[in-house]
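Down below is the structure, laid out as structure tokens.
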Amino acid sequence: MRIVSLLPSATESVCALGARAELVGRSHECDFPAGLESLPAISSPRLDPRAPGRAIHDRVEELVSRGLSIYELDAERLRALSPDVILTQTLCGVCAATPADLEAALRAWTGAAPRIVSLAPLSLDDVLRDVTRVGVAIGRPERGAALAAELRARIESVTVRARGAAFRPRVAALEWLDPLIGGGNWMPELIERADGISLFGKAGEHSPRLEWDELEAADPDIVVVVPCGFSLAQARAELERVPRLRARNGVVLDGNQYFNRPGPRIVESLEILLGVLHPELTPNQGAPAS
């Protein structure tokens with residue numbers, strides 16, 4: 001089978017299911033596990049991903065207002081790869097290429113069209129179900145079901161460990177800083193399972209836009225900064241640009257590699273969060289944070 005994945009989390013699932021050798025193409029953001037850079041990248045952004053958060057936000061709004069996609073797909077390269085399956089998503093038009101982007105790229109396709117599998121996880125259960133869906137899509141249904149069950153068991157184990165905490169901190173998770181956007185989708189569930197209280201965002205719902213007075217009035221015990229698509233270095237630089245938030249001693253975590261990537265490493269995300277909220281329960285936890 002020939003697989004093209006346009007979603008980093010789906011790419012990780014394909015590899016975790018033992019089908020790395022069947023991947024023939026990826027998105028420009030697919031960077032785990034190591035070595036994927038040798039595969040041809042099918043997508044590219046119409047914005048500078050290294051720009052400050054406000055500049056990225058303004059560019060996204062400009063593109064949307066003009067009816068343009070955030071991403072470009074290399075239709076010729078995609079066609080040359082002759083994939084049997086293309087993995088994409090409908091969760092967020094800003095996060096990765098969507099079926100609409102693919103429709104344009106495949107418009108002139110001749111011969112047998114590839115199967116398009118679109119993922120849209122909103123909750124932790126959805127994330128695990130999508131692991132199973134990827135398994136079915138690439139012809140490894142039993143392995144997909146087994147991996148999802150393994151991940152669920154690990155999540156439950158961390159949840160049980162978190163119940164030993166003496167104090168439940170009130171947590172403000174932020175996935176963008178300018179403008180402020182709270183952590184939604186599965187993020188509130190991760191906070192609750194790490195024995196914290198999520199102040200913004202509802203499980204299974206899209207990330208909410210916030211105002212500064214909302215954040216300040218909530219007076220969180222911990223501010224967790226997990227900008228979507230930013231490396232740790234970018235996230236730290238972004239925090240430096242927001243003095244009002246920097247004064248609250250926000251904890252910067254790797255949202256790009258973990259919290260905003262709904263794939264097999266969602267368990268590691270939960271473990272990292274537990275280490276931040278309750279370090280006494282995870283003495284050996286090395287959270288990629290600052």
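Summary of values
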quantity: Residue of Phe167, Phe200, Phe230 that the Gaussian network model of the chain assigns the largest fluctuation, springs spanning Cα pairs under 10 Å; calculated: Phe167
quantity: Which of Ile181, Ala166, Ala194, positive extreme of dipole for region 155-213 (C-beta unit charges); calculated: Ala166
quantity: Long-range HN-HN contacts of Ala173 with modeled amide H, under 5 Å; calculated: Gly183, Leu199, Phe200, Val224
quantity: CD proxy at 222 nm, helix term only [per DSSP H run n ≥ 4: -39500 (n - 2.57); per residue of the chain; nearest 500]; calculated: -11500 deg cm²/dmol
quantity: Anisotropy class of region 191-235 from Cα gyration tensor, a/c 1.5 cut; calculated: rounded
quantity: Per-residue HN-Hα couplings for region 207-222 [Karplus 6.51, -1.76, 1.60; θ = phi - 60°; Hz; x = Gly/Pro]; calculated: 5, x, 6, 10, 10, 4, 5, 5, 5, 5, 5, 5, 6, x, 6, 9
quantity: Cα shape, the chain, gyration tensor, a/c 1.5 rule; calculated: oblate
quantity: Environment charge of Gln234, counting only residues whose C-beta is closer than 12 Å and scoring Lys/Arg +1, Asp/Glu -1; calculated: -1
quantity: Pairwise label distance in nanometres, Arg20 with Ala146, each label 7 Å out on the Cα-Cβ vector; calculated: 1.8
quantity: Positive-end residue of Phe230, Phe32, Leu281, charge dipole of the chain with Cβ unit charges; calculated: Phe32
quantity: Dipole of the chain, positive end: most advanced residue of Gly67, Gly204, Leu147 [Cβ charges, Cα centre]; calculated: Leu147
quantity: For the chain, built as a Gaussian network whose Cα springs stay under 10 Å, the top-fluctuating residue of Thr11, Thr132, Thr90; calculated: Thr90
quantity: Test item: Cα-centred dipole of the chain, Lys/Arg +1 and Asp/Glu -1 on Cβ, debye; calculated: 520
quantity: Highest-fluctuation residue, Gly53, Gly250, Gly139 considered, GNM on the chain with Cα pairs under 10 Å; calculated: Gly139
quantity: Phi-based couplings in Hz for region 8-14 (Karplus 6.51, -1.76, 1.60; Gly and Pro marked x); calculated: x, 5, 5, 4, 5, 5, 4
quantity: Sequence-separation-based contact order of the chain, relative, with Cα cut under 8 Å and 6+ spacing, percent; calculated: 16
quantity: Leu119 long-range amide H proximity, modeled H, under 5 Å; calculated: Thr88, Gln89, Thr90
quantity: Under Karplus coefficients 6.51, -1.76 and 1.60, residue-wise ³J(HN,Hα) of region 116-131 in Hz, glycine/proline x; calculated: 9, 10, 10, 9, 8, x, 10, 10, 4, 4, 4, 4, 5, 5, 5, 4
quantity: Under 5 Å, built H, 5+ apart or other chain: amide partners of Phe230; calculated: Asn256
quantity: 14 Å beta-carbon shell around Asp84, net charge (K/R +1, D/E -1); calculated: +3
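Each value in this text was obtained by applying a stated rule to the coordinates, not by laboratory testing. All of these numbers come straight from a predicted model, not from anything done at the bench. With ideal geometry, Cβ positions are generated from the backbone for all residues, glycine too; neighbour counts draw on all protein chains shown.
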